[in-house]
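Bear in mind these aren't lab numbers, they're just calculated from the coordinates by the rules spelled out. Predicted, not measured: the structure shown is a model, and the values here were computed from it. Here the Cβ is made from the backbone with ideal geometry for all residues, glycine too, and neighbour counts use every protein chain on show.
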Amino acid sequence: MTDTTPAVREIGIIMNGASGRMGYRQHLVRSILAIRDEGGFELSDGTKVTVRPLLVGRNAEKLAEIAARHGIEDYTTDLDAALADPKWEIYADFLVTKARATAIRKAIAAGKTIYTEKPTAESLEESIELANLAKKAGVKAGVVHDKLYLPGLQKLKRLIDSGFFGRILSVRGEFGYWVFEGDWQPAQRPSWNYRVEDGGGIIVDMFPHWNYVLENLFGKVNSVYTQASIHLPDRWDEKGEHYDTTAEDAAYGVFELEGGAIAQINSSWTTRVNRDELVEFHVDGTHGSAVVGLFGARIQPRNATPKPVWNPDLEDTIDYDATWQQVPTNDVFLNGFRQQWQEFLESYVTGTDYPFDLLAGARGMQLAEAGLESNRTGAKVTLNEIELD
Ligand SMILES: NC(=O)c1ccc[n+]([C@@H]2O[C@H](COP(=O)([O-])OP(=O)(O)OC[C@H]3O[C@@H](n4cnc5c(N)ncnc54)[C@H](O)[C@@H]3O)[C@@H](O)[C@H]2O)c1
């Protein structure tokens, strides 16, 4: 009798920063442990891929507590020892941005495959250096592109691929919500995000996301104009202590895209939400328009477009909300972080090219730096193609 049990390939993954907000919730619990607890996932050739995490951090007690809570056998505060051990094939990084490049350099030198949160480094120069190092070492790398995996954006991709929009003219993005100052209610995001000296700022945080969203859905970004602001100069940290905000907490950007579409995206931690979701994109095309969020997507084709007439003397009788149609889900969407992890692991096991690599990460940082420069100088900044050595 032939053995029909599928081959199982267990991959050891160093999870550095697994106690942080993103590291714990999205990467450890929702992705890696979800895969482990389901006994792995299947590749098209029937191979089962499963994962074994090694928690790495600076606080052994915290790591022990997480390990015990989730039945994880391996944790350590010694990154160098972890990198030296061939049992751990992938180095994954969820550290604060400031600490990332140093750790990734070490992991590349140790020959590990890299998977990392964005931004890949604190500067464009450093993110290009990492991409070059990985290329020279022949090391595979993946950079988180989670927003592309949001159900709403996957529906948007489907609309684009179906030709629904005709020629896309413009994209308006609204991202943000009120992040509490921290005095009378604790802030719901870590305080380092509001200090430029600690790697904070909404441009460095969000523009890498906008870069991959724009280039993968609408066209490469050719230029950017940005006006940013520190709207709230005073905030209070995790201990309730006052600090001066030194990083911008809102950025208003205009992006010219290859192919001619214009995108405008507001990113703000100082706005109160009056939309259906925390991020929404309104896309206008010659044949139809769509409004998509994290989950939802609504459309209005040109043959169902109402014909408003501007007349301030008459009350408008059109119920605009009612003129939009919901796009059905039609698919089962996994948690976006997990879906990307699975695609990356599949690409790693099968040895195929992975598009969201450190060069893609460097392009994200390029847009962030161009946004910062535009805000500083007041000029529109052109983005040139990055060439690796
Ligand atoms: N993809 C996304 O949607 C998304 C969302 C938020 C944050 N991020 C990115 O994820 C990363 C982590 O953000 P977070 O919100 O989870 O932050 P966090 O502060 O909650 O976690 C950061 C982790 O880094 C560790 N750390 C802090 N300083 C360190 C140092 N000097 N050396 C080594 N380790 C250190 C902490 O112990 C913690 O484990 C950032 O780069 C951020 O830009 C991505």
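Once a ≥ b ≥ c are taken as the square roots of the eigenvalues of the Cα gyration tensor of the stretch 108-166, is the result rounded (a/c under 1.5), prolate (a/b larger than b/c) or oblate (a/b not larger than b/c)? It is prolate, given that a/c is not under 1.5 and a/b is the larger ratio. Built from the Cα atoms of the stretch 265-389, the convex hull projects on average onto 13.7 nm², one quarter of its surface area. Only bridges with both residues in the chain count here: give the DSSP antiparallel percent, nearest 5. Percentage antiparallel, nearest 5: 55. Within the shell of other residues whose beta carbon sits under 12 angstrom from the beta carbon of Leu383, the net charge comes to -3, with Lys and Arg scored +1 and Asp and Glu -1. Pairs of Cα atoms nearer than 8 Å and 6+ residues apart set the relative contact order; for the chain it is 20 percent.
Annotation note: trypsin sites (Lys or Arg not before Pro) in the stretch 125-180 located in DSSP loop regions with a Cβ neighbour count of at most 15 within 10 Å are Arg167. Model label points for Gln326 and Arg52, set 7 angstrom from Cα along the Cα-to-Cβ axis, are 4.5 nm apart.
Along the chain, the longest continuous region that contains none of the GluC sites (Glu not before Pro) in a DSSP loop with at most 15 other C-beta atoms within 10 Å is 74-237. Using the Karplus relation 6.51 cos²θ - 1.76 cosθ + 1.60 with θ = phi - 60°, the per-residue 3J(HN,Hα) values for the stretch 185-193 come to 9, x, 5, 9, 10, x, 5, 4, 4 Hz, with x marking Gly and Pro.
Annotation for Thr352 and Asn132: the two label points, set 7 Å from Cα along the Cα-Cβ direction, are 3.1 nm apart.
Taking the Cα centre of the stretch 141-267 as reference, the dipole from Cβ charges on Lys and Arg (+1) and Asp and Glu (-1) amounts to some 860 debye.
Its Cα centre serving as origin, the stretch 237-357 has a Cβ charge dipole (Lys and Arg +1, Asp and Glu -1) of approximately 480 debye. Please list, in order, the residues from the stretch 211-245 whose amide nitrogen is less than 15 Å from a point placed 7 Å along the Cα→Cβ vector of Asn59. Output list for this probe position: 238-240. Suppose R0 equals 41 Å. What FRET efficiency, 1/(1 + (r/R0)^6) with r the Cβ-Cβ distance, do Asp389 and Thr286 give to the nearest 0.05? Computed FRET efficiency for Asp389 and Thr286 comes out at 0.45. Potential lengthening of the chain between Asn335 and Lys239 amounts to 31.3 nm, from the contour at 0.36 nm per residue minus the alpha-carbon distance. Figure legend: label point modelled 7 angstrom from the Cα of Tyr252 along Cα→Cβ; residues of the stretch 221-238 with amide N under 18 Å from it are 224-233.
Our summary gives the stretch 254-389 a relative contact order of 10 percent, counting only alpha carbon pairs under 8 angstrom and 6 or more residues apart.
Helical content alone sets the calculated 222 nm signal of the chain at -9000 deg cm²/dmol, taking -39,500 (n - 2.57) per DSSP H segment of four or more residues and averaging over every residue. Start at zero, step by 10 Å, and the Cα-Cα distances of the chain spread as 5, 20, 30, 26, 14, 4, 1, 0, 0 percent across the bins. Semi-axes of the equivalent ellipsoid of the stretch 1-148 are 26, 20, 15 Å, computed as sqrt(5λ) over the eigenvalues of the C-alpha gyration tensor in descending order. Placing unit charges on the Cβ atoms of the charged side chains and taking the dipole of the stretch 1-158 about its Cα centre, the candidate lying farthest along the positive direction among Gly46, Ser123, Ser31 is Ser123. Under a model in which nothing but the beta-carbon of Lys, Arg (+1) and Asp, Glu (-1) is charged, the chain shows a dipole of about 540 debye around its Cα centre. Between Thr76 and His231, the contour length at 0.36 nm per residue exceeds the Cα-Cα span by 51.7 nm. The mean sequence separation of alpha-carbon pairs under 8 Å and at least six residues apart, normalised by the residue count of the stretch 158-292, gives a relative contact order of 39 percent. Taking the inverse of the mean 1/r over every pair of distinct Cα atoms in the stretch 180-334 gives a Kirkwood hydrodynamic radius of 18.5 Å.
Near Ser19: Cβ cut-off under 13 Å, other residues only, Lys/Arg at +1 and Asp/Glu at -1. The net charge is +3. Length, then width, then depth: along the principal axes, the Cα atoms of the stretch 328-389 run 45, 39, 15 Å. When DSSP assigns beta bridges and you keep just the ones with both residues in the stretch 93-250, what percent turn out antiparallel, to the nearest 5? Roughly 50 percent of the DSSP beta bridges within the stretch 93-250 come out antiparallel. For a modelled paramagnetic label at Thr382, 7 Å from Cα along Cα-to-Cβ, the residues of the stretch 199-224 in reach, with backbone nitrogen under 12 Å, are 222-224.
Between the stretch 221-295 and the stretch 98-173, the C-alpha centres lie 19 angstrom from each other. Only alpha carbons enter this Debye calculation for the stretch 133-198, each as an equal point scatterer, and the log10 of I(q)/I(0) it gives at q = 0.12, 0.15, 0.21, 0.23 Å⁻¹ is -0.70, -0.88, -0.97, -1.03. Amide H to amide H distances under 5 Å link Asp74 with Leu55, where only residues 5 or more positions off or on other chains count and H is placed in the peptide plane. Each Lys or Arg adds one and each Asp or Glu subtracts one; over the other residues with Cβ under 14 Å from the Cβ of Gly39, this totals 0. Net length available on complete extension from Ala84 to Thr317 is 76.9 nm, with 0.36 nm assigned per residue and the Cα-Cα distance removed.
Between the residues Trp178, Thr305, Gly163, the greatest Cα displacement towards the positive end of the dipole of the chain, with unit charges on the Cβ of Lys, Arg, Asp and Glu, is found for Gly163.
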